[in-house]
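The values are calculated or read from the model by the stated rules, or taken from the named source; none is laboratory data. Keep in mind it's a predicted model, so treat the numbers as computed, not measured. Neighbour counts run over all protein chains shown; Cβ positions are idealised from the backbone, glycine included.
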Amino acid sequence: MEKLINIYEYPVSNVLKYLLQDKTTGKNIIFATNAYKDRIPPITELTPITVEVLSGFNEDVLQPRVAKSFEQQAERTRKKAEVFTPSWICNKMNNHCDTEWFGRENIFNIENDKSWEPTMEKIVFEKEKGWQEYVDSKRLEITCGEAPYLVSRYDTTTAEIIPIERRIGILDRKLRVINENTDTEKEWLKWVYRAYQSIYGYEFQGDNLLIARINLIVTFTEYLEDRWRRKATDNELRKVVDIIVWNLWQMDGITGTVPFGKPKEEYHQITFFDYMQGINDIDEEVVDCKIFDWKSNESLTYRSLKEK
C-alpha cells in the first residue's frame, strides 16, 4: 500500500520544521498522546514534536488511523475517544452545507449509497453569490483529527488515494471552483491562498494535527501539479504552510486553551517558592489559543471569536 504520509519526501521534507510550529506558544506543538510511550527514550503527552524526534521514526509510525493496526486504533479510541468518519459521510455532510449555501442540491457530486459520482459540468453561481464569495466563505472542522472534512486525499476506510476529480473535502470543492474560474497561474495562486485562509480546524492530539497539516500541504502541491504541471517553489510552500499552521491549531476544544497549559521551560530554575510549594504542585498556566483573521491581518483568541 502506498504510504499516505511521508515526512522524508517533497513537499513535507522541505517545510517539516515549519509544520510543527504552534503560533500560540511560539514553540512546537506537543504530542498530547501516550501512544508513543514505549519508545526509547519515552515520548510523553508533553513531549514537543520536533524534527529530531521525528527523525527516529520509520515511515510506518506516523500514519493515518486507517493505516494503523486494529489494536492501535482501539487504544486511541479508548483513551482519547478518537473515531474516524468514513469519506462518504464527510461527503454527505459537506453536500448538506453546500445545499444550504447554494439553495439547491447535487452541486459537486451525486450521492450513490456509500459512494458518489462527481458532476462534470462547471459549477453555476447565482448573481447574488459569486464564485469568489464561495471561496472566501469560512468553514471550521472541530476536533479535526486528520481533517477528512477539509481535504480528501485518501479514503478514510480503505486508504485508497482518491483522484483529484473525485475529491469531496471543503477545500477540494473550493479548489475545483478556482480551477474552473481562473485562467492564469498568478490569479490561480491568489485565490488558492484565499481558499486556504478560509478554512480552519483544531485538534488536541499533536500527531493527528501534524497529519492534518501534511494533508493540506500535499493537497496544495497535488492541485498545483495537476493544473500547472510543475512543483511548488520554496516561497510558495512557505506561504501556504504559514496559513496552515495558523488555521489548523492545537487546542483543547472544551477550554479553548493550549493542551496541558503553557509549555514548561526546558531548564527551569527552581526557586525557594517552588520548593515550598512543591515543584509538581504548581498550577498549569492557562493559555488561550490564538488564530488569525486574514481579512483584518491580525491575530485574536479563539475565545474572543466565540464570544462575538
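Against the test of being touching a residue at least 24 places away in the same chain (Cβ under 8 Å) and within 20 Å of Trp188 (Cα to Cα), the options Tyr154, Tyr134 yield a single qualifying residue, Tyr134. If you check Ile142, Ile123 for being under 18 Å from the mean Cα position of the chain (by Cα), of a type in the set (Val, Ile, Thr) and surrounded by fewer than 20 Cβ atoms within 10 Å (Cβ to Cβ), only one passes: Ile142.
How many of the residues in the range 228-279 are assigned to a helix (DSSP H, G or I), at pLDDT 95 or above and not hydrophobic (A, V, I, L, M, F, W, C)? Please lay out each step first, then the result.
First pass over the range 228-279, keeping only residues assigned to a helix (DSSP H, G or I): 228, 234-247, 272-277, 279.
Next cut, at pLDDT 95 or above only: 228, 234-247.
Cutting the leftovers down to not hydrophobic (A, V, I, L, M, F, W, C) gives us 234-236, 238-239, 242, 247.
Number of matching residues: 7.
Residue by residue, here is whether (1) surrounded by fewer than 22 Cβ atoms within 10 Å (Cβ to Cβ); (2) more than 25 Å from Thr24 (Cβ to Cβ); (3) touching a residue at least 24 places away in the same chain (Cβ under 8 Å) holds:
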{"residue": "Trp188", "(1), (2), (3)": "yes, yes, yes"}
{"residue": "Leu210", "(1), (2), (3)": "no, no, yes"}
{"residue": "Arg227", "(1), (2), (3)": "yes, yes, yes"}
{"residue": "Arg230", "(1), (2), (3)": "yes, yes, no"}
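Residues checked against (1) in contact with a strand residue (DSSP E or B) (Cβ under 7 Å, 6 or more places away or on another chain); (2) surrounded by 13 or more Cβ atoms within 10 Å (Cβ to Cβ); (3) at pLDDT 95 or above; (4) assigned to a loop (DSSP other than H, G, I, E, B):
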{"residue": "Ile5", "(1), (2), (3), (4)": "no, yes, no, yes"}
{"residue": "Thr25", "(1), (2), (3), (4)": "no, yes, yes, yes"}
{"residue": "Thr33", "(1), (2), (3), (4)": "no, yes, no, yes"}
{"residue": "Lys37", "(1), (2), (3), (4)": "no, no, no, yes"}
{"residue": "Leu46", "(1), (2), (3), (4)": "yes, yes, yes, yes"}
{"residue": "Gly56", "(1), (2), (3), (4)": "no, no, no, yes"}
{"residue": "Glu71", "(1), (2), (3), (4)": "no, no, no, no"}
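Has the range 81-88 got any residue that is assigned to a helix (DSSP H, G or I), touching a strand residue (DSSP E or B) at 6+ places or on another chain (Cβ under 7 Å), buried (at least 17 other Cβ atoms within 10 Å of the Cβ) and at pLDDT 95 or above? Explain how you work it out, then say what you get.
Keep residues of the range 81-88 that are assigned to a helix (DSSP H, G or I), which gives 87-88.
Cutting the leftovers down to touching a strand residue (DSSP E or B) at 6+ places or on another chain (Cβ under 7 Å) gives us 88.
Right, trim to buried (at least 17 other Cβ atoms within 10 Å of the Cβ) and you get 88.
Retained after the next criterion (residues that are at pLDDT 95 or above): 88.
Taking every residue of the range 81-88 in turn, at least one turns out to be assigned to a helix (DSSP H, G or I), touching a strand residue (DSSP E or B) at 6+ places or on another chain (Cβ under 7 Å), buried (at least 17 other Cβ atoms within 10 Å of the Cβ) and at pLDDT 95 or above.
Could you list, in sequence order, all residues of the range 104-126 that are farther than 16 Å from Val177 by Cβ and outside any strand (DSSP E or B)? Within the range 104-126, Glu105, Asp113, Lys114 meet the criteria.
Residues in the range 13-64 that are among the basic types (Lys, Arg) and farther than 19 Å from Trp249 by Cα: Lys37, Arg39. Quick check on the range 170-185. Is at least one of its residues within 30 Å of Leu305 (Cα to Cα) and assigned to a loop (DSSP other than H, G, I, E, B)? No, that holds for no residue.
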